[in-house]
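Before any comments, here is the structure.
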Amino acid sequence: MQLSRRQWLKKIQSIGILALGAWFSPLTVLAKKEDASKVIQEITGGKPIIDGKVKLVIPPLVENGNLVVLKVSVDSPMTANNYVKSIHVIAEGNPLPNIFTVYLTPRSGTANITTRVRLADSQTVWAIAQMSDGNFYQGSAETLVTLSACTELV
């Protein structure tokens, strides 16, 4: 069977559209748990992470993922010899897992952060604190992001 140039171009175009559809699929845009684990390994340099000292508070059910209140607190005296150097917040379901990093000094006074973040989907969020002695501590929380629906009353 001989294809005309026009038929051949239509076939190539349909293959290209299918390839673009697969490339921009929402499933490929969101990070995977492996991506979040890789980011955590880069932050810690492969050092072990200890559970505790870090408290991450996030609403368990969120109607809109655009503005999610997130609170992180780390149990630390914040003295010159014992303080939190940095806090990293990682979300496994966002396109870029490392949401933000905060750097602290003993002059910060406390290791408490409150902010709003954007979450792409229901997921686990981790907060990892790097202490001045080189140890890493973590806390995590899960949240369910729902989509709000509008209904028309008649």
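Okay, here's what the table says:
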{"quantity": "Reachable lysines, given that their alpha-carbon falls under 30 Å from the alpha-carbon of Lys85 and they are not under 8 places away in the same chain", "calculated": "Lys32, Lys33, Lys38, Lys47, Lys53, Lys55, Lys71"}
{"quantity": "Length gained when the stretch Thr101-Lys33 is fully extended (0.36 nm per residue, less Cα-Cα span)", "calculated": "22.6 nm"}
{"quantity": "Rough spin-label spacing in nm, given labels placed 7 Å along Cα→Cβ, for Glu42 and Thr124", "calculated": "2.0 nm"}
{"quantity": "Karplus-derived 3J(HN,Hα), 6.51/-1.76/1.60, for each residue of the stretch 67-79, Hz, glycine and proline x", "calculated": "9, 10, 6, 10, 10, 10, 9, 10, 6, 8, x, 6, 9"}
{"quantity": "By accessible area with a 1.4 Å probe, ligands and nucleic acids excluded, highest first: order of Arg107, Arg116, Arg5", "calculated": "Arg107, Arg5, Arg116"}
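The values are calculated or read from the model by the stated rules, or taken from the named source; none is laboratory data. For clarity, every value in this text was computed on a predicted model and none was experimentally measured. Because the Cβ atoms are built from the backbone with ideal geometry, glycine has one as well, and the counts that use them run over all protein chains shown. Side chains are part of the model used for accessible areas, which takes the heavy atoms of the whole protein and leaves out ligands, DNA and RNA. Shrake-Rupley method; radii C 1.70, N 1.55, O 1.52, S 1.80 Å.
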